[in-house]
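None of the figures in this text is laboratory data; all of them are computed from the coordinates on show. None of these values were measured; they are calculated from a predicted model. Here the Cβ is made from the backbone with ideal geometry for all residues, glycine too, and neighbour counts use every protein chain on show.
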Amino acid sequence: MPATAAKDRVLDALNEPQLEAATHGDGPLLIIAGAGSGKTTTLVHRVAQLIDAGVAPQRILLLTFTRRSAADMLSRAQRVLPKNRNSGRVWAGTFHGTGARLLRMYGEAIGLNPRFTIHDRGDSEDLMRSLVVELKLNKDDKKFPKKGTLMAIHSFSVNAGRTLNQVLKSNFSGHAARQGPLKKLFTAYERRKQQLAVFDYDDLLVRWCELLEHDEVGSRIRERFDHVLVDEYQDTNPLQSRLLKLLRPDGRGLTVVGDDAQSIYSFRAATVRNILDFPKQFPKARVVKLEQNYRSTEPLLAASNQVIAAAREQYKKKLWSDRREGSRPQLITCHDEDEQSEFIVGRILDHKKAGIPLREQAVLFRASHHSISLETELARHNIPFVKYGGLKFVEAAHVKDLMSFLRLAENPRDVVAGTRVLTLLPGIGPKKASQLMEMLAVPDADFQLWAATKPPAKAKQLWPGFLIMMQELMEQGGNMPGQIERVLEFYQPLLAEQYDNPDRRLADLEQLQQIAAKFDERTEMLSDLTIDPPTSESELPGAAKDRDHLVLSTMHSAKGLEWQAVYVLHASEGMIPQERSFDDVDAVKEERRMFYVALTRAANWLYVCHAQVHFQRSGYGGWNRWDDDGFRELTRFLSPGAQQCFDRQTASQFVPPDSLVTSQSKSRSPRKSTRKKRKSRPVRQG
DNA sequence: CTGTTGAAATTTTTT
DNA sequence: ATTTCAACAG
């Protein structure tokens with residue numbers, strides 16, 4: 001490689017394996033990157049190095065797990081690059097987002113309607129449900145799976161590239177007897193989506209594959225890119241693997257990065273086989289391992305290493321850190337959930353006092369509702385927080401309503417959007433809505449077709465205005481806030497009547513209007529908000545950016561992130577691993593990896609809490625469903641060996657770790673402390 | 001057919 | 001809490 005000054009700048013500060021990965025040529029490359037080993041840094045430098053070496057940015061495709069991480073990586077690459085090089089034109093985004101983009105560009109060439117609309121999971125479930133009713137599949141089968149399960153089965157089958165029969169046997173054995181009706185349903189579902197010009201999430205990958213399999217279009221796309229880099233490769237599924245193989249048949253220019261120990265998305269058909277078999281699939285692949293952890297102190301790493309040691313699949317790695325100093329992780333036994341919440345709030349305030357801002361602290365949990373008690377406690381103490389995971393802004397009923405108006409204008413054949421909108425009108429129910437939507441199932445349909453129909457008496461008043469609005473929207477391009485304003489004029493009275501809390505909901509819609517201002521085109525806005533919706537309040541406009549927020553997150557959504565202080569909630573049997581995975585060996589393995597992911601998010605302080613008495617609660621409800629006494633054992637993932645890496649304490653007699661007392665504001669590593677040996681406190685057992 | 005009410009059953013993670 | 005179904009009134 002040429003030893004230019006620019007080159008040095010792009011590559012300095014990398015360790016040896018990182019450097020090797022960043023400067024590797026264009027043969028297939030697998031980077032096994034342990035937790036906190038500078039995976040992102042390496043990927044960023046590789047991208048920068050490629051650009052610096054003269055690869056045109058638009059000929060690089062960077063596939064990441066979220067849009068946010070794509071944006072982060074590009075801006076980091078820009079910071080590394082000399083001024084005259086620009087990373088802005090790199091194709092960066094999620095698999096699904098990139099699929100949508102390519103399908104808009106090339107879809108017509110293989111006979112797809114380029115104005116397709118995209119269904120989110122809820123929309124897909126609605127369509128599935130309407131087909132169940134249409135085909136009368138639940139008439140004399142009261143236990144027929146619900147829409148959510150139906151989509152899960154179908155989606156898994158598509159993403160895993162396995163037949164319905166196989167999927168039923170392996171993952172949904174309870175419904176194995178329903179193979180016939182399910183097959184019929186899914187065939188109808190596929191056909192219906194085609195007729196309606198709607199894509200579900202899976203279609204964005206499936207159709208992308210079809211683009212690549214097309215002789216002419218496929219070559220054009222392949223020739224577009226010199227390099228394809230994939231982040232979080234351990235969480236890709238067989239369909240995505242097939243996609244990559246089609247994109248880079250001989251593996252040239254293909255780089256994948258991941259950690260088999262952090263694979264936690266098997267419910268989406270992700271499989272560690274992809275990363276484990278990469279060298280088999282591309283025999284010339286170079287494998288580089290990153291084993292030095294820069295994130296966590298040695299005492300924290302020792303604990304997480306213990307947890308994962310019992311589970312390593314392949315790619316043995318020895319993660320090590322030279323951040324010797326720091327307090328041991330704390331394993332805290334709480335009597336019940338309330339004590340756990342109080343304890344965590346106390347520690348959060350301690351850390352804040354010691355100079356760790358809230359945004360550098362995170363509470364992690366297995367399931368979204370595990371944090372409800374804590375959220376109440378945080379509110380009582382006026383501690384601001386943002387929550388990742390759980391219900392999203394765009395999934396709120398009123399936001400979906402408004403988006404459906406726009407989606408119907410975009411694609412009048414979109415029955416799901418149409419039905420949603422039409423049934424908002426008084427006097428129109430599913431039956432009438434479906435009749436009306438059938439009228440639009442013709443080429444070049446517009447809303448004039450409805451002018452001749454007589455609306456039900458109750459809808460008479462609204463009907464003419466509704467038609468005019470829809471027609472205008474359909475013919476209008478751009479000015480997204482204006483389009484939303486137009487819908488609001490019509491929708492606001494309906495909203496006030498239909499929902500409680502109309503004022504708050506209206507405020508949400510005004511927020512949506514602000515989001516919309518960032519988009520030039522409706523197509524773009526609808527696609528983007530469906531594929532990459534804002535994941536927390538902090539990503540919405542109007543959020544006080546400078547306000548310091550604590551982070552609450554599911555373990556899934558915490559992937560790839562790090563904080564100075566991390567609190568893990570409910571480290572007990574039944575919570576993690578969650579009870580439903582008990583009799584599935586592979587599921588329990590995945591729960592372990594999830595726990596490992598949670599522990600390895602911490603840089604300096606780690607508190608793992610477990611409540612001894614806790615009644616499992618169902619969803620958001622408040623009633624106990626279990627007949628047991630509520631007693632919870634510590635999670636099996638903290639074996640006696642792992643426990644020795646922790647200081648064990650009870651919440652009621654807690655003594656803070658020394659490092660916190662001496663730590664300084666903004667310092668990343670805790671001050672060297674004159675640590676006194678402190679005996680772990682005995683904890684009541686049984 | 002629409003819209004409401006009540007009863008019974010459910011149980012995670014997310015592009 | 002939410003989803004689904006059935007029964008019933010208008």
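Observations on the structure shown:
- With 0.36 nm allotted per residue and the present C-alpha distance subtracted, the A:E325-A:A445 stretch has 36.3 nm of extension available.
- Rounded FRET efficiency, nearest 0.05, which uses the C-beta distance separating A:L561 from A:D500 and R0 of 45 Å: 0.80
- Cα gyration tensor, the stretch A:556-613 - rounded (a/c under 1.5), prolate or oblate: oblate
- Cross-link reach is defined here as a Cα-Cα straight distance under 20 Å, omitting same-chain residues fewer than 8 places apart; for A:K280 the lysines meeting it are A:K245, A:K289, A:K316, A:K317.
- With helices as the sole contributors, chain A gives -13500 deg cm²/dmol at 222 nm; each DSSP H run of n ≥ 4 counts as -39500 (n - 2.57), and the sum is divided by every residue.
- Qualifying lysines (Cα of each under 18 Å from Cα of A:K352; at least 8 residues distant if same chain): A:K666
- A:A176 versus A:I468: modelled label distance in nm, points set 7 Å from Cα along the beta carbon direction: 6.2 nm
- Around A:W563: net Lys/Arg minus Asp/Glu count, Cβ-Cβ under 9 Å: 0
- A:A397-A:D548 FRET efficiency (beta carbon distance; Förster radius 35 Å; 0.05 resolution): 0.65
- Computed over chain A: relative contact order in percent, which uses C-alpha pairs under 8 Å that are six or more apart: 18 percent
- Gain upon complete extension [A:K146, A:E633; 0.36 nm per residue less C-alpha separation]: 172.0 nm
- Sites A:A109 and A:H24 - FRET efficiency at Förster radius 25 Å, r taken between beta-carbons, to 0.05: 0.15
- The modelled label-to-label distance between A:Q653 and A:V588, using points 7 Å beyond Cα along the C-beta direction, is 3.3 nm.
- Taking the stretch A:1-119 and dividing mean pair separation by its residue count, relative contact order in percent (alpha carbons under 8 Å, at least six apart): 23 percent
- Put the Cα centre of the stretch A:319-398 next to the Cα centre of the stretch A:410-488 and the gap is 45 Å.
- Of A:K143/A:K184; A:K83/A:K518; A:K136/A:K454; A:K139/A:K431, those spanning more than 23 Å from alpha-carbon to alpha-carbon: A:K83/A:K518; A:K136/A:K454
- Cut-off 15 Å between beta-carbons: net charge of the residues surrounding A:E223, Lys and Arg +1, Asp and Glu -1: +1
- Inter-label distance, A:A53 to A:E190: 4.1 nm, where each label sits 7 Å from its Cα along the C-beta direction.
- The trypsin sites (Lys or Arg not before Pro) of the stretch A:311-357 that DSSP puts in a loop, and whose beta carbon has at most 10 other beta carbons within 10 Å, are A:K316, A:K318, A:R324.
- Bridge type composition, chain A - antiparallel percent by DSSP, nearest 5: 5 percent
- Sparse-neighbour loop sites [chymotrypsin sites (Phe, Trp or Tyr not before Pro); the stretch A:130-217; at most 16 other C-beta within 10 Å; DSSP]: none
- Fully extended contour minus Cα-Cα distance, from A:E223 to A:N138, at 0.36 nm per residue: 25.7 nm
- Overall form of the stretch A:83-126 per C-alpha gyration tensor (a/c, 1.5; a/b vs b/c): oblate
- Charge tally in the Cβ shell below 15 Å around A:A176, where Lys, Arg are +1 and Asp, Glu are -1, A:A176 excluded: +4
- Global form of the stretch A:265-409, assessed from the alpha-carbon gyration tensor, a/c cut-off 1.5: oblate
- Positive-end residue, chain A charge dipole about Cα centroid, Cβ charges, pick of A:N411, A:I428, A:I356: A:I356
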